[in-house]
Amino acid sequence: MRGLGIVLLGLQQYAMLMIRYVSRYLLSVRFVSQFFDYLLKDEINESLVRSHGIQCGFCTPGMVMTLFCLLRNKPNLTQYDVEEALEGEFGKEPWDTVWILYTRYGDDTVLSPEEQAESYSDCPLGEKCCQNKSNDKEQQTDLKNSEFSPNHVTQNVIFPPELTRSSDKTMKIFKHSEWTWILPFALSDLLDAKAKFPDSKIVMGATGISYFLHTGKLGTYTLIDGTKVSDLQNICVKDNCLEIGSAVTMATLEQFLKEVEDPKPSAVMAMLSCLRWIAAGQIRNAATIGGHIMTADSRSDLNPLLITLRASIVVQTNGGKEKEYPLFKNFFTGRFKTCLSSEDVLIKVKIPEFKKTNCHIGFYKQAERKGFDYAIANAACMIRLSEHTVDGATICVGGISDRPVMLEKTEEAIKGKKTDALSLDVQEILKPATQEVSVLCKDKYKQSLVNGFLIKFLESITKDKKEASDPHEPTHWLAPCSSTQVFEDAPTSQSDIDPLRRPLPQVTSHNLVSGQAPFVGDMPRFKDELYLSPVCSLKAHAKIVSVDTSEALKEAGVIGYYNHTDVIGQNWFGLIMKDEELFASEEVHCYGQMIGVIAATSEAVAVRAARLVKVTYEELTPILTIEDAIKENSYHPYSAAPIEKGEVDPAFSKVEIVEVGEVSTGSQEHFYLEPLSTVAIPKMEDGEMEIFLSHQSPSFLQQSVATLLNIPRSRVIVRQRRAGGAFGGKQMPPFKVAGPAALVAQITGRPVRFVLDRHLDMIMTGKRHPYLMKYKVGFDKEGNISVADFDIYSNAGYSTDISPAVMTKSLMTIDGCYSIPNMRVKGHLCKTNTPTNTAFRGLGAPQAVVGTETMIYHVAKTVGKLQEEIRQKHLYKENDITLCKMVMENCNVQKCWEACKKQCQFERLQCEVTKFNSENQYRKRGLAMVPVKFPLGFNPLFLNQGLALINVYLDGSVKLTHGGCEIGQGLNTNMIQVASSCLGIPVTKIYTGDNSTDVIANATVTGASSTSDIIAVAVTNGCKELLERLKPFREENPDISWEELVVKAYFNRVNLSVLGYSITEGGSWNSETATGHPCNYYTYGAGCCVAEIDCLTGDHQILSMDIVMDVGKSLNPAIDIGQIEGGFIQGYGMMTLENMKWTPEGVQISNGPINYKIPGVRNIPREFRVSLLKDSPNPKTLYSSKGVGEPPLLLSVAVYLALKEAISSARKSGGNSENFRLDCPVTAERIGMACPH
């Protein structure tokens, strides 16, 4: 049922909002069944399925429901509508979903009145049906561009009559054991309820309530919902004053303002601009003006604008008169604080003279992410004009203090100036602004943002710059996206029924898009099931003095508290070294480390009780950064020898130029959409335990649970159908939920469920390793590099995890695609008091590529040449020797480079970027093109083995079970294609079962982009053996069907179950001696990026991204292209947006989507072109394919370099041509601070 709430409510606010909307009714089982049946055949879903817009599918239902609602309300869609709607959705699906949805929907055909009437003729609601659009101005739907047959309007699922509003308008009171929810319909009832419950809170949309609920800061358990009070829902204009009821939603206000006749007054345009970028459409549909104001969040976008517009609010108390408060007169007294008393109820907002024309108003906002984000800072600016002279000014800034701030001295500096001289007097105006802001805010970036906003505002008045435009006009950054994917068709000689090399949709895609594919959290509840909630450390480094659970254990429904003293086997675990405790015993080593768990009969009780556990600490000094670790000499053991090629030290003495530099990359959260989740079921015999778990490493997790419980591994069954994303983060971390669940299940004999919420998942688990890379490079005046030396430091966290393998991958890939005759690299694992960092897509290669390409960029700038020129002259060629002394065979990096250069028309782009930069002062563009070389094959060698079990049943159906985990990469689909091709039967006859350790033992971890290579051989070997068994019967009866063949073999006592086994080539690298073979083969690629920055704010946009990947002969081009797009976007997040933050005390600030930003729909390149390299078979694998899950992520370094080039252009315009350090992620702050001011 994931995503169902969106179609009914318009947002995901779950149970509390369900009460609000549903009132006394419950959602009928009949409707749910009808709705799912509808979704299975709905054209939206079919479009996504057949256009390959799905990967793991966990977030897809939400996107489907969002579009479903959009189409219900606006059948005539533009691409802008689709993108705007999807701003509220986050996921790891291929981002060409946006283009799929747009090209599918958009229309010129108008429904006739008869067709409209037909659409609701059978609805129980009659003319009140949600499909009755007779009052709308225009309704259109265009299906002309679609290859799919559209559903007729009569086939659309109706809105369930049970959920329509009741005619009973008496006040409703819903009571729970803890909560009271009051739903009044009349203003008098609301005022009475507030008087009766003075400590209650009025909620007007509830879009922000989850924060207070989650943090326990709500302060009351009585809530009054004012959204159904009709007196609070009015919008009207009285005497040129706009009056807005406090229960009016932002979406309603936005629509009202859009309908104001053109030309729209400046105030209206400013409000539309402001509302457009508040949260996302799903939130604006529910969030109200009153709720937004009264929340008094210092990051509010609307409040500064309302202050600038001289708005006031009207409040009322029970039995009292209305009182009016101007917002600009100290109404806001702090963050989440206003001057109102607890008895005051906000009735309406008044904006005077909102249609006045003798003014110019601008609203500006800069956030960490474009779309669906809080402001870092914002500003609302207004000047009042008397002819061509500024008669007065109002400037209000948000985000720089605990409340909106008016810049009164700046207002005075503007007053009296001629409008045509404003841009000339910028520096004079900025001086008092800088002084005012610096008193309130010491953040240099926010200070520069305010200056940038003012420059934009002043120049939008005079428009004496080509790039100056009306602040309310959408920029070219929001131009429609375009997408191209190019791949080879299957050979004409291939049989039509052979599915290999064809773009087949994922085999379970219909279930995924309709929300019917179950994940662990969707499993039905078991009888007597228990729920766990962790007790986590609130200190980064401390000794545990005591743990007081007395208050927690008093809670009704609490079964017990479990910690290290309850462990039956071993509390220590780890993959390489067992140096991490499941439950911290004597000392905590990071914020979020698990100390124990509460078990209770419900999740809510467990969570509440866990908060009541009191831990007393003796604090110790934490080490948080790489720099701190170096200073304190804090390292994990790492015995890898430096890797060296040639003679590095002598080479430095012979070169013309030597440069040194360093660059760092930050931590990155996996942000898989399905959090760590498990259900543990004790089997009640011999300690056997069955564990349903979202993971990608069955053998390690089976072994860890067995060791914890002190039972043989054979008695632990770890099962999984699919995972909602993993990206390396579900190898070791899932034990942190599987271990406690199995332990409590064994002790209590009851099923146990442990599902982390996003906050807990983020603070308890490791991330991508932050890196510090120092380099020294020697070269001549032409940019020919002869020697390079790297020192690499990673932040491993408080235990080892898989950090040695991550660092070894970095050492083996630091040469990139470049042949440098003398090179050396050594690595260090820093031990810090942060969560243990773990595997992440690409392992250590993305960080290494940043280091290598930064060095190349440094060389290019030093000799005054294009960075692409330096890259091209150093590209590996056939038979070159790599840093690890591997001979380059079938080296396609130059082919990818040339193909990408041709595809993107590099020379044309170069001219366009140069021209643009010469014509614009505050906007600059950068161009960068990079190659990639990624090693494939597990290292160590023993991991390159796999199993596949093929069971054939008497009806001819086949069940395929293998050792790989389906984590969204399309593994099951690929393997079904392989089996179908081998057996010569349709893919519809083959079904994949759960990954389960009692079926496939000792399975290799799913990762390293190598699982398809390994399992494909196992499936093929199994199919060959099966066909060999069936061969005599086929020879005797060449014309019989597959089904008849199977039956005939069975009656002749032929075993129809086959276990296929594979041994494939991989790496045999010995890191201690720096010898051996690093991999089986390389995947190559090249990418070219054009990015544009706003020098005044640090904002940016990718204008175009071209990618050419060498994937050999693809098993499924659609899946591979999806992996390429998804991998690139995830890498883009690493390079630009995803900035993990901690306090100086080691508390993790980035603990949820509010304060950690992954890419959204607005971050995708405006032009995105992906091509698979032609004619590039891979002789190293059975089917000539190549692993593709990780290599494309490395191409995101092109974004980093393009942004750096754009910043360089801005600095050059300011007279600074020197090379500069730019660390990842390249956030808006880093861009803004690197540009001249």
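The values are calculated or read from the model by the stated rules, or taken from the named source; none is laboratory data. Predicted model, so just to flag it, every value in this text is computed and none were measured. Quick reminder, even Gly has a Cβ in these numbers, built from the backbone with ideal geometry, and neighbours come from all protein chains shown. Areas reflect the complete protein model, heavy atoms only, side chains present, ligands, DNA and RNA absent. Shrake-Rupley method; radii C 1.70, N 1.55, O 1.52, S 1.80 Å.
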| Among the residues of the stretch 621-632, is there at least one that is charged (D, E, K, R) and in contact (Cβ under 8 Å) with a residue 12 or more places away in the chain? | yes
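Residue by residue through the stretch 261-272, note down the ones that are open to solvent by less than 20 Å² (accessible area, probe 1.4 Å) and out of contact with any Ser or Thr (no Cβ under 7 Å at 6 or more places or on another chain).
ALA267, VAL268, ALA270, MET271
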| task | Would you check which residues across the stretch 44-66 are part of a helix (DSSP H, G or I), crowded, with 20+ Cβ neighbours inside 10 Å and in contact with a Phe, Trp or Tyr (Cβ under 8 Å, 6 or more places away or on another chain) and list them? | result | ILE44, GLU46, SER47
| query | Do any strands (runs of 3 or more DSSP E) entirely within the stretch 339-451 hold 1 or more residues that are among the acidic types (Asp, Glu) and open to solvent by 10 Å² or more (accessible area, probe 1.4 Å), and if so, which? | reply | 389-398
| query | Is at least one residue of the stretch 798-811 farther than 30 Å from LEU624 by Cα, small (Gly, Ala, Ser) and touching a helix residue (DSSP H, G or I) at 6+ places or on another chain (Cβ under 6 Å)? | reply | no
| query | Would you call LEU302 open to solvent by less than 60 Å² (accessible area, probe 1.4 Å), at negative phi, within 32 Å of the chain's Cα centre (by Cα) and not charged (D, E, K, R)? | reply | yes
| query | When you look at LEU1059, is it open to solvent by 10 Å² or more (accessible area, probe 1.4 Å), of a type in the set (A, V, I, L, M, F, W, C), touching a residue at least 40 places away in the same chain (Cβ under 8 Å) and part of a loop (DSSP other than H, G, I, E, B), yes or no? | reply | no
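Sort out which residues of the stretch 1069-1098 are part of a loop (DSSP other than H, G, I, E, B), open to solvent by less than 70 Å² (accessible area, probe 1.4 Å) and over 21 Å from ASN879 (Cβ atoms), and write them in order of number. Steps first, please.
Quick first cut of the stretch 1069-1098, residues part of a loop (DSSP other than H, G, I, E, B) only: 1069, 1071-1074, 1076-1080, 1095-1098.
After this cut, where a residue has to be open to solvent by less than 70 Å² (accessible area, probe 1.4 Å) as well, the list is 1069, 1071, 1074, 1076, 1078-1080, 1095-1098.
Residues satisfying the conditions are SER1071, ALA1074, CYS1095, LEU1096, THR1097, GLY1098.
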| said: Any residue that is touching a Pro at 6+ places or on another chain (Cβ under 8 Å), under 27 Å from LEU811 (Cβ atoms), in a loop (DSSP other than H, G, I, E, B) and not basic (Lys, Arg) - is there at least one of those in the stretch 864-882? | reply: yes
| message | Can you find a residue that is open to solvent by less than 20 Å² (accessible area, probe 1.4 Å), of a type in the set (D, E, K, R), outside any helix (DSSP H, G or I) and modelled with pLDDT of 95 or more anywhere in the stretch 773-789? | response | no
| query | So which residues in the stretch 599-614 are within 16 Å of ALA741 (Cα to Cα) and either touching a Lys or Arg at 6+ places or on another chain (Cβ under 9 Å) or assigned to a loop (DSSP other than H, G, I, E, B) (or both)? | reply | ALA599, ALA600, THR601, SER602, GLU603
| Which one of LYS885, LYS877 is farther than 30 Å from LYS1141 by Cα and at pLDDT below 95? | LYS885
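Please tell me if GLU659 is in a strand (DSSP E or B), open to solvent by 30 Å² or more (accessible area, probe 1.4 Å) and closer than 27 Å to VAL777 by Cβ. Outline the logic, then answer.
On the way: in a strand (DSSP E or B): yes; open to solvent by 30 Å² or more (accessible area, probe 1.4 Å): yes; closer than 27 Å to VAL777 by Cβ: yes.
Here the answer is yes, as GLU659 does meet what is asked.
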| request: Please list, ordered by first then second residue, the pairs with beta carbon atoms under 7 Å, 6 or more apart or interchain, first in the stretch 235-251 and under 13 Å from GLY291 (Cβ atoms), second among the hydroxyl-bearing types (Ser, Thr, Tyr). | output: SER246/THR288; ALA247/THR227; ALA247/THR288; VAL248/THR288; THR249/THR288
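One line per residue, one yes/no per condition, for (1) in a loop (DSSP other than H, G, I, E, B); (2) under 25 Å from VAL1147 (Cβ atoms); (3) among the hydrophobic types (A, V, I, L, M, F, W, C):
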residue: SER495; (1), (2), (3): yes, no, no
residue: VAL535; (1), (2), (3): no, yes, yes
residue: LYS543; (1), (2), (3): no, yes, no
residue: ALA556; (1), (2), (3): yes, no, yes
residue: ILE559; (1), (2), (3): no, no, yes
residue: GLY569; (1), (2), (3): yes, no, no
| Is it the case that some residue within the stretch 1043-1056 is surrounded by fewer than 22 Cβ atoms within 10 Å (Cβ to Cβ), at pLDDT below 95 and of a type in the set (Gly, Ala, Ser)? | no
| note | Taking the stretch 790-836 and keeping only residues that are surrounded by 22 or more Cβ atoms within 10 Å (Cβ to Cβ) and of a type in the set (Asp, Glu), one is left with ASP801, ASP815
| field | Some residue of the stretch 1100-1113 being in a loop (DSSP other than H, G, I, E, B), over 20 Å from ALA279 (Cα atoms) and either among the hydroxyl-bearing types (Ser, Thr, Tyr) or open to solvent by less than 10 Å² (accessible area, probe 1.4 Å) (or both) | value | yes
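Could you grab me the full set of residues in the stretch 704-716 that are touching a Lys or Arg at 6+ places or on another chain (Cβ under 9 Å) and farther than 20 Å from ASN563 by Cα? Before the answer, list the steps.
The initial filter retains those residues of the stretch 704-716 that are touching a Lys or Arg at 6+ places or on another chain (Cβ under 9 Å), namely 705-707, 709, 715.
The answer is ARG715, and nothing else.
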| Top-ranked residue of the stretch 273-292 - restricted to ones that are more than 19 Å from CYS396 (Cβ to Cβ) and of a type in the set (Val, Ile, Thr), ranked as least open to solvent (accessible area, probe 1.4 Å) | THR288
| said: So if I check each of GLN485, GLN506, which one is more than 28 Å from PRO835 (Cα to Cα), within 32 Å of the chain's Cα centre (by Cα) and part of a loop (DSSP other than H, G, I, E, B)? | reply: GLN506
| If you scan the stretch 524-540, which residues turn out to be open to solvent by less than 60 Å² (accessible area, probe 1.4 Å) and under 15 Å from GLU603 (Cα atoms)? | GLU529, LEU530, TYR531, LEU532, SER533, PRO534, VAL535
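Let's see how each residue does on (1) out of contact with any Lys or Arg (no Cβ under 6 Å at 6 or more places or on another chain); (2) closer than 18 Å to CYS1088 by Cβ; (3) outside any loop (DSSP other than H, G, I, E, B); (4) at pLDDT 95 or above:
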site: TYR1132; (1), (2), (3), (4): yes, yes, yes, yes
site: MET1135; (1), (2), (3), (4): yes, yes, yes, yes
site: ALA1198; (1), (2), (3), (4): yes, yes, yes, yes
site: SER1209; (1), (2), (3), (4): no, yes, yes, yes
site: VAL1226; (1), (2), (3), (4): yes, yes, no, yes
| Yes/no for LEU454 being within 30 Å of PRO1165 (Cα to Cα), modelled with pLDDT of 90 or more, touching a helix residue (DSSP H, G or I) at 6+ places or on another chain (Cβ under 9 Å) and open to solvent by less than 20 Å² (accessible area, probe 1.4 Å) | yes
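Matching residues to (1) closer than 28 Å to ASN1052 by Cα; (2) more than 32 Å from the chain's Cα centre (by Cα); (3) modelled with pLDDT under 95:
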{"residue": "LEU949", "(1), (2), (3)": "yes, yes, no"}
{"residue": "GLY970", "(1), (2), (3)": "no, no, yes"}
{"residue": "ILE1015", "(1), (2), (3)": "no, no, no"}
{"residue": "GLU1035", "(1), (2), (3)": "yes, yes, yes"}
